[in-house]
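Asker: Let me give you the structure first, and then I'll get to my questions.
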Number of protein chains: 2
Amino acid sequence: MADSFGQRLRQSWARSDSALCVGLDPVRERLPSHLSQAPDALLRFCREVVDATADLVCAFKPNIAFFNAEGAEEDLERLIEHIHAAHPGIPVIVDAKRGDVGSTARMYARELFERYDTDAATVNPFQGWDSIAAFAEHEGRGVVVLCHTSNPTSAWLQEQPQDDPAYLKVAREMQGRDVDNLALVVGATFPEQLAEVRRAAPTLPFLVPGVGAQGGGADELRQVFASGVDANGQGIVVNASRSIIYAGTGKTYAAASRQVAQDLRDQIRRARDRRQT
Amino acid sequence: MADSFGQRLRQSWARSDSALCVGLDPVRERLPSHLSQAPDALLRFCREVVDATADLVCAFKPNIAFFNAEGAEEDLERLIEHIHAAHPGIPVIVDAKRGDVGSTARMYARELFERYDTDAATVNPFQGWDSIAAFAEHEGRGVVVLCHTSNPTSAWLQEQPQDDPAYLKVAREMQGRDVDNLALVVGATFPEQLAEVRRAAPTLPFLVPGVGAQGGGADELRQVFASGVDANGQGIVVNASRSIIYAGTGKTYAAASRQVAQDLRDQIRRARDRRQT
């Protein structure tokens, strides 16, 4: 890829004037009944959500687990092809949280970047830089490293030890690599830690889960932007999945997804602009 | 599943008198030329290795990354079906190192335990018990948690902080859950840490990578058994992948794999028996 992931993300922020990322986590049982029995139900459902929200987002984040559970790898391949063809310039971040070393990591990088042709992938840092290097070697592909996740038990290892917690080690290490393809996952549900991560990693983009179905609301969004933006007032990708893709039921579900996505994009803009005044 | 993973593993150790696990990491470019162009080359290659080594092992460990990179999910499904049908009672541990929370973790558990019908899966603990619970809820399926991995940069997060490192927290937490389906990944390349993990987790089985292509030899094996066995002199599954599956080339590759596997099984037995005398 000619540009870095960072460049593509900045172009996407500028074009969309949006920091919203729609996460695509399709569960067959939750799909509208006119789709749920189709062999390519996951593809068809996600494609409609994508087409209904593409002008509102800076990125899409399909979650590979939901496709793997169904044996729907081909749906995921075709979904990503569709996003690139119909909505060029919108980065696709595959949520995979892969982590392994050496020859195995190279296989995962090949899977995520070559087979699925994604712009970026989430990876797990527990095995050290070894487990990230094979991804980072793919020129122009983004590597979004788990730093402080949004879930209740994330502190258990990530906040140890208190005087120099793992999540800040991760942030410093990735910032120190100074590669315009690295980014961090930092949950909206831990606003103080997010502020610390920004101080440790002044230029890296943050993928911020934890908004919507995971509980983060307007207050969290304000805090995310108050303390999480980079020196350019950017650097934030706010992900929401279930609150958007399951906003409606029946044949009009995509319109309902669009409405919730638009409301959230506007709420994110207000959080961002409030910071600037 | 009627029995626990721990029970099935103990039965397998007793029946095979072996602590060897053969890892199945097939790379198309490395396969014998009479196979490498076949559409189901990965399946055919691994099936021959499995059939040639089944009486020498206590477990098989297919690595899902190698199948995912090739789009060979169906090969993996059929390979595991074959192991269960042709070699009943040998546990299949899928190396996946998955880690995510809530609804996503449930999807990975469904993928690994239901779609692929594996006996156990490796998981990554970086996101806390949240990210392990969805796997542990599958009755009778094994959850093999990364504790201290065998790669060069594993210390970076796993050995922090020095006075109570993450890998010992992982060991204590899993031992404390007292579930006969939990196990730990502890690399042979860090023998002192492996001894500490055994003190922290007296009854959990260890999956021990790092032998063979990763550098661990007879000395490491002796240390693994000297300090790593449980109170019954068991509790160890030694994995070797590339040194076995790529032992030969051409049409006799499976016989070469068998020879190397047999030598390693015997070397492991000597390491084990030396401890007992």
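Asker: Of all residues in region B:14-62, how many are open to solvent by 60 Å² or more (accessible area, probe 1.4 Å) and either closer than 18 Å to B:GLY212 by Cα or in a strand (DSSP E or B) (or both)? Steps first, answer last, please.
Answerer: Start the filter on region B:14-62 by keeping residues that are open to solvent by 60 Å² or more (accessible area, probe 1.4 Å), which leaves B:14-15, B:17, B:29-30, B:33-34, B:37, B:39, B:44, B:47-48, B:51, B:55.
Checking which are either closer than 18 Å to B:GLY212 by Cα or in a strand (DSSP E or B) (or both) leaves us with B:30.
Result for region B:14-62: 1.
Asker: Still on this model: May I ask you to list the residues in region B:46-66 that are among the β-branched types (Val, Ile, Thr) and more than 14 Å from chain A (Cβ to nearest Cβ)? Steps first, please.
Answerer: Applying the first criterion (among the β-branched types (Val, Ile, Thr)) to region B:46-66 yields B:49-50, B:53, B:57, B:64.
Of everything in region B:46-66, those that are among the β-branched types (Val, Ile, Thr) and more than 14 Å from chain A (Cβ to nearest Cβ) turn out to be B:VAL49, B:VAL50, B:THR53, B:VAL57.
Asker: Restricting attention to region B:189-206, does a residue exist that is among the acidic types (Asp, Glu), out of contact with any Lys or Arg (no Cβ under 9 Å at 6 or more places or on another chain), surrounded by 17 or more Cβ atoms within 10 Å (Cβ to Cβ) and modelled with pLDDT of 95 or more?
Answerer: Initially, region B:189-206 is screened for residues among the acidic types (Asp, Glu), giving B:192, B:196.
If we keep only those that are out of contact with any Lys or Arg (no Cβ under 9 Å at 6 or more places or on another chain) too, we end up with B:192, B:196.
In the following step, the residues that additionally are surrounded by 17 or more Cβ atoms within 10 Å (Cβ to Cβ) were identified as B:196.
Of the ones still in play, those that are also modelled with pLDDT of 95 or more are B:196.
Yes.
Asker: Return yes or no: is A:GLN223 closer than 14 Å to A:SER150 by Cβ and either surrounded by fewer than 22 Cβ atoms within 10 Å (Cβ to Cβ) or among the charged types (D, E, K, R) (or both)? Explain how you work it out, then say what you get.
Answerer: Details: closer than 14 Å to A:SER150 by Cβ: yes; either surrounded by fewer than 22 Cβ atoms within 10 Å (Cβ to Cβ) or among the charged types (D, E, K, R) (or both): yes.
The answer is yes for A:GLN223.
Asker: Another question about this same structure. Return yes or no: is B:VAL179 over 24 Å from B:SER241 (Cα atoms) and surrounded by fewer than 20 Cβ atoms within 10 Å (Cβ to Cβ)? Walk me through it before giving the result.
Answerer: Numbers: over 24 Å from B:SER241 (Cα atoms): yes; surrounded by fewer than 20 Cβ atoms within 10 Å (Cβ to Cβ): yes.
Spelling it out, B:VAL179 is indeed over 24 Å from B:SER241 (Cα atoms) and surrounded by fewer than 20 Cβ atoms within 10 Å (Cβ to Cβ).
Asker: Check every one of the helices (runs of 4 or more DSSP H) wholly within region A:83-198 and list those with 3 or more residues that are farther than 26 Å from B:CYS147 by Cβ.
Answerer: A:166-177
Asker: Being under 28 Å from A:GLN175 (Cα atoms), of a type outside the set (D, E, K, R) and either in contact with a strand residue (DSSP E or B) (Cβ under 9 Å, 6 or more places away or on another chain) or open to solvent by less than 40 Å² (accessible area, probe 1.4 Å) (or both) is the filter here; which residues of region A:228-265 pass it?
Answerer: Those that are under 28 Å from A:GLN175 (Cα atoms), of a type outside the set (D, E, K, R) and either in contact with a strand residue (DSSP E or B) (Cβ under 9 Å, 6 or more places away or on another chain) or open to solvent by less than 40 Å² (accessible area, probe 1.4 Å) (or both): A:GLY228, A:VAL229, A:GLY233, A:GLY235, A:ILE236, A:VAL237, A:VAL238, A:ASN239, A:ALA240, A:SER241.
Asker: Could you say which residue among B:LEU204, B:LEU264 is among the hydrophobic types (A, V, I, L, M, F, W, C) and within 25 Å of B:PHE135 (Cα to Cα)? Step through it out loud before you land on a result.
Answerer: Details: B:LEU264 fails: within 25 Å of B:PHE135 (Cα to Cα).
Exactly one residue qualifies, and that residue is B:LEU204.
Asker: Same structure, new question: Could you grab me the full set of residues in region A:136-173 that are more than 7 Å from chain B (Cβ to nearest Cβ), of a type outside the set (A, V, I, L, M) and in contact (Cβ under 8 Å) with a residue 40 or more places away in the chain?
Answerer: A:GLU139, A:GLY140, A:ARG141, A:GLY142, A:CYS147, A:HIS148, A:SER150, A:GLU173, listed by residue number.
Asker: What are the residues in region A:102-135 that are aromatic (Phe, Trp, Tyr) and either more than 9 Å from chain B (Cβ to nearest Cβ) or open to solvent by 10 Å² or more (accessible area, probe 1.4 Å) (or both), if any? Even if it seems obvious, please write down each step before you answer.
Answerer: Filtering region A:102-135 down to residues aromatic (Phe, Trp, Tyr) leaves A:108, A:113, A:116, A:126, A:129, A:135.
Result: A:PHE113, A:TYR116, A:TRP129, A:PHE135.
The values are calculated or read from the model by the stated rules, or taken from the named source; none is laboratory data. Everything quoted here is computed from the prediction, not taken from an experiment. All Cβ positions, glycine included, derive from the backbone under ideal geometry; neighbour counts span all protein chains shown. Heads up: the accessible areas ignore ligands, DNA and RNA and are worked out on the full protein's heavy atoms, side chains in. Shrake-Rupley method; radii C 1.70, N 1.55, O 1.52, S 1.80 Å.
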